[in-house]
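The values are calculated or read from the model by the stated rules, or taken from the named source; none is laboratory data. Since the structure is predicted, the reported quantities are computational estimates derived from the model, not experimental observations. A quick note on method: Cβ atoms are made from the backbone with ideal geometry, for glycine too, and the neighbour counts reach across all protein chains shown.
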Amino acid sequence: MDLQARKLFDRSLTSISIMAVVLMSLALLVLLAPIFSRGLGAFFFRGTSEHRRLALEQFNRGNAQAVASEIRIVGAARRPVYEMLSAFEDELDGMDSTRRQGYRAQLKEIKSLLRELLGPLPGEMEAVMLRQQYGQTRWDRARVKLKAILYSEEWDYSDTRSMGKKVLRSRQKIFAGTRLDPMFPYMENNLSRMLRPRFTFYWRFLTDLSLDSHFFGGIWPEILGTIYLTLGAMLLAIPFGIIAAIYLSEFAAGGRLVSLLRVCISTLAGVPSIVFGLFGLAFFINTLHLSSSKSVLAGSATLALLILPTIIRASEEALKAVPHTYKEAALSLGASPLRMVLTVLLPAALPGILTGIIISMGRAAGETAPIIFTAAVSVGQPLKLWETISQPTPALPWNIYNLATEHQAVDEIRHVQFGMVLTLVLLVLLLNLAAILIRARISKKMRG
Amino acid sequence: MSEAASRLRRLTAFFSQGFLLLATALSLVAVLLIIAYIARDAIPFFKLRGLKELFSSTAWFPSGQPPEFGALAIFIGSGLVTLGSILVAVPLGIAAAIALSDILPYRVRQLVKPVIEILAALPSVAYGFFALVIFAPLLQNRGGSLLSMAAWLIALPLGLLIIFVISEMAVRSVREDVAKAARLILAAALTAILVRGLLALSAVLNKVAIGSGTNALNVSIILGIMALPTIVSVAEDSLQAAGRELREGSYALGATRAETLFKVIIPAAGSGIIAAVILGVMRAVGETMVVWMASGNAAQIPTPWFNFLSPVRTLTATIAGDMGEADQVLGSGRYHVLFALALCLLLTSFAANLASEWILRRQQRRLGGLK
């Protein structure tokens, strides 16, 4: 090969490997961008008058007089809609029966959509479910519902070669010539007067209870559950982890037993997380009977086993990074090895150990598979501290899965799902950021 | 010091060390308990149904009357998804590791490190949510154009590199004064063929309609990204461990960076890179949430078997999904078969872990001997 070819080969390797790094960073960006942008929508959004009514009636928040006067104002804007509706119903009675049949089904659909958009129609009985007592609390959702009122979605299968196409059909045309005809343009033009969207910063999303299985309210039970599970796991894993690290770095004198222990630690780190979940179910619940069924305690114990290897490895690294001179100075002053460890080694290695602990904390908070069978339930109230021994809890990772796949109205509560994901991701990122900062401080100190 | 005091001191040292050892042995105990308890609940299944059905039949109806426990399709689903994630993660991961260890300057490296850390730290359920809520609809609606875009992105640079190597090899025996022109002509012709081929391929791919966005392709890509941090960091460590001396020796002989990497560093660090791949792949095999949420969970063998666009079901997703219902009927075949699947998973991960451990240790010893 001539020199030029070798150079070109070298350059192409460089560019391919740099492209790999760029692709990796891009993947992270693509992953995080929608989670952040849509997750913030759970906190910052345009709240409607229904949102303020809900906040007052369910959480006793906001100015009662202001809300009452707002209800009057939006009521006045909504009245023409209801009047047109009842006028049309009167007109319906005078029609011949075939035409009436056709309109009836359509009218029923429109009425139920109106209920979802604006809340119960006047003169109707109080609904049982909370979600039926209020209209749309968010302006973006209200716009979606308005579109559903204006256009009905139909599927066109006339082209047999390809998949069915979605076709929007204007409802106004269906009702053309009737007394309901003017309702559609009125709705389209006056929706903001009927709902009065205002910019809302709903920080209490983090601290509110969930109402009617996450249709309204916040995610406090999940956050609290995650905190309990994580702290419980740390409480159980930290002592064992640090002791094991001290033994392995200071006292273990080679030999078969120690290498067996090391193999076990790395094996434990490689066990798939779902197997930990099954083990927790079979051992902690079905054999030890820590609790009669799922509980925070059983979940924490399972998570503790999962993060034990991480803590041991990080702590051992930190202990090994402490300069030998420290130890030798302590020992030469006559301190026993144990005393040396407690008074010299541990304090010097503490920041490093802390880094490992924080990182494994993020791992424990985000793990789902181990808590499916041992601790997590989909719906639950926030637990008191003593109840964690025997009660299961909702938790962020599990409920993200649950709301995104098993909830009865997955599409209606996307903002809650994204809000939960953002909360969990931010929690993990902040923990990692803290670890990075501590590490930076250590390396600065080490350099002088 | 009196004899009694020194004895006391030795005694406390002995007991304190014994206590430390006891606490350290928790990992050993945990591993043994995990094996014991998974096996304990798996054995009744094998007693009940034997080995053959699980590994050879594709009829998976654990709640049927009578129940059938043929998990072949599930094993193949796991295998397919793993293969896909290897295809995504291994080339990307090794290339990124090379960039981090040998090519990027120190400052840029410090910027890239947090990217890897964040990718590793993100909870698996967040990946799964992304796969289900954002990536799956995207694949379903714009699958064809996405595929053809990906084909261009991957095939063009790789194809150009291969063309370059081929034309280089071809003109080797040609006389020197015509070699340059011959190489140029050959390369131009091959490039034209490549572009034509890619145009044809992207025309085909553009027409591909993806029936469901929750399929093996979706999961493979996401799992590949999840396996990246492990592969990059372990492979980078072993590339770095090859040491300065080897590199400087090679440079001193006049080798370029690429030649140094391919002829000296990668052979020296090769076993470490293999260990990195094993560890990364095991992360993909053992991952639950992503596959549970976004693989489609259909217990069928795709036709043809490499059809990445069809939904699949994996071991981990089966355990997670079926346990909720099997929970109530403790002691039934339905409950125990999940432990049998978990045992397979566990044994695979043990084997992979021991292998990577052994490889890494051997490399350490070898590189240690070099210095």
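Only one of A:46, A:11 is in contact with a Pro (Cβ under 6 Å, 6 or more places away or on another chain) and either within 14 Å of chain B (Cβ to nearest Cβ) or touching a residue at least 60 places away in the same chain (Cβ under 8 Å) (or both). Can you tell me which?
On inspection, the qualifying residue turns out to be A:46.
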Of the residues that make up the stretch A:123-145, is at least one surrounded by 11 or more Cβ atoms within 10 Å (Cβ to Cβ), of a type in the set (Asp, Glu) and in a loop (DSSP other than H, G, I, E, B)?
yes
Would you kindly identify the helices (runs of 4 or more DSSP H) lying entirely within the stretch A:326-443 that contain at least 1 residues that are closer than 30 Å to residue A:41 by Cα and among the basic types (Lys, Arg)?
A:346-366
Going through the stretch B:229-250 one residue at a time, which ones are over 18 Å from residue A:269 (Cβ atoms) and within 12 Å of another protein chain (Cβ to nearest Cβ)?
B:236, B:239
Condition first: aliphatic (A, V, I, L, M) and crowded, with 18+ Cβ neighbours inside 10 Å. Now tell me which residues in the stretch A:250-262 satisfy that.
A:252, A:261
Selected residue [within 22 Å of residue B:323 (Cβ to Cβ) and in a helix (DSSP H, G or I)] from B:75, B:130, B:135:
B:75
Filtered residue count, the stretch B:256-276, keeping only those that are buried (at least 20 other Cβ atoms within 10 Å of the Cβ) and at the interface with another protein chain (Cβ under 9 Å from one of its Cβ atoms)
2
Only listed residue being out of contact with any Lys or Arg (no Cβ under 9 Å at 6 or more places or on another chain), β-branched (Val, Ile, Thr) and within 30 Å of residue A:377 (Cα to Cα), chosen from A:207, A:137, A:178:
A:207
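Out of B:85, B:63, I need the residue that is within 14 Å of chain A (Cβ to nearest Cβ) and either in a strand (DSSP E or B) or among the polar types (S, T, N, Q) (or both). Which one?
Sole residue among the options that is within 14 Å of chain A (Cβ to nearest Cβ) and either in a strand (DSSP E or B) or among the polar types (S, T, N, Q) (or both): B:85.
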Here the residues within the stretch A:226-261 that are facing another protein chain (nearest Cβ under 10 Å) and touching an Asp or Glu at 6+ places or on another chain (Cβ under 9 Å) are A:244, A:245, A:246, A:248
Checking residue B:148 against (1) surrounded by 18 or more Cβ atoms within 10 Å (Cβ to Cβ); (2) under 23 Å from the mean Cα position of the chain (by Cα); (3) in contact (Cβ under 8 Å) with a residue 24 or more places away in the chain, the condition it does not meet:
(2)
Considering the stretch B:313-351 alone, what residues qualify as being modelled with pLDDT of 90 or more and outside any helix (DSSP H, G or I)?
B:313, B:314
Mind checking which residues of the stretch B:279-312 are within 13 Å of another protein chain (Cβ to nearest Cβ) and surrounded by fewer than 21 Cβ atoms within 10 Å (Cβ to Cβ)?
B:297
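Determine, yes or no, whether residue A:116 is surrounded by 17 or more Cβ atoms within 10 Å (Cβ to Cβ), at pLDDT below 90 and within 26 Å of residue A:409 (Cβ to Cβ).
Answer is yes for this residue.
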Checked pairs for the stretch A:99-114, first more than 12 Å from residue A:171 (Cα to Cα), second of a type in the set (D, E, K, R), C-beta under 9 Å and 6 or more apart or across chains, list as A:100/A:93; A:113/A:145; A:114/A:145
Is it the case, given these coordinates, that residue B:111 is part of a helix (DSSP H, G or I), modelled with pLDDT of 80 or more and within 20 Å of residue A:23 (Cα to Cα)?
yes
Within the stretch A:273-293, is there a residue that is of a type outside the set (A, V, I, L, M) and touching a strand residue (DSSP E or B) at 6+ places or on another chain (Cβ under 9 Å)?
no
Of all residues in the stretch A:395-406 being in contact with a helix residue (DSSP H, G or I) (Cβ under 7 Å, 6 or more places away or on another chain) and more than 9 Å from every other protein chain (Cβ to nearest Cβ), the one that is farthest from residue A:35 (Cα to Cα):
A:395
From the list B:38, B:34, pick out the single residue that is farther than 23 Å from residue B:70 by Cα and within 12 Å of chain A (Cβ to nearest Cβ).
B:34
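Can you find a residue in the stretch A:79-100 that is of a type in the set (D, E, K, R) and in contact with a Pro (Cβ under 9 Å, 6 or more places away or on another chain)?
yes
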Every residue in the stretch A:342-394 that is touching a strand residue (DSSP E or B) at 6+ places or on another chain (Cβ under 9 Å) and facing chain B (nearest Cβ under 10 Å), please.
A:368
Could you tell me whether residue A:116 is within 19 Å of residue A:211 (Cα to Cα), in the same structural domain as residue A:81 (by TED's automatic domain parsing) and more than 29 Å from the chain's Cα centre (by Cα)?
no
Among the residues of the stretch A:149-170 satisfying the criterion of being of a type in the set (A, V, I, L, M, F, W, C) and either assigned to a strand (DSSP E or B) or within 29 Å of residue A:189 (Cβ to Cβ) (or both), which is modelled with the lowest pLDDT?
A:155
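Looking at B:167, B:145, which is the one that is at pLDDT below 85, under 23 Å from residue B:200 (Cβ atoms) and hydroxyl-bearing (Ser, Thr, Tyr)?
The unique qualifying residue is B:167.
Has the stretch B:183-191 got any residue that is touching a residue at least 60 places away in the same chain (Cβ under 8 Å) and within 11 Å of another protein chain (Cβ to nearest Cβ)?
no
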Sole exception among (1) in contact (Cβ under 8 Å) with a residue 60 or more places away in the chain; (2) away from chain A (no Cβ under 14 Å) for residue B:56, by number:
(1)
For the stretch A:388-404, state whether one or more residues are in contact (Cβ under 8 Å) with a residue 60 or more places away in the chain, under 30 Å from residue B:34 (Cα atoms), surrounded by fewer than 16 Cβ atoms within 10 Å (Cβ to Cβ) and not basic (Lys, Arg).
yes
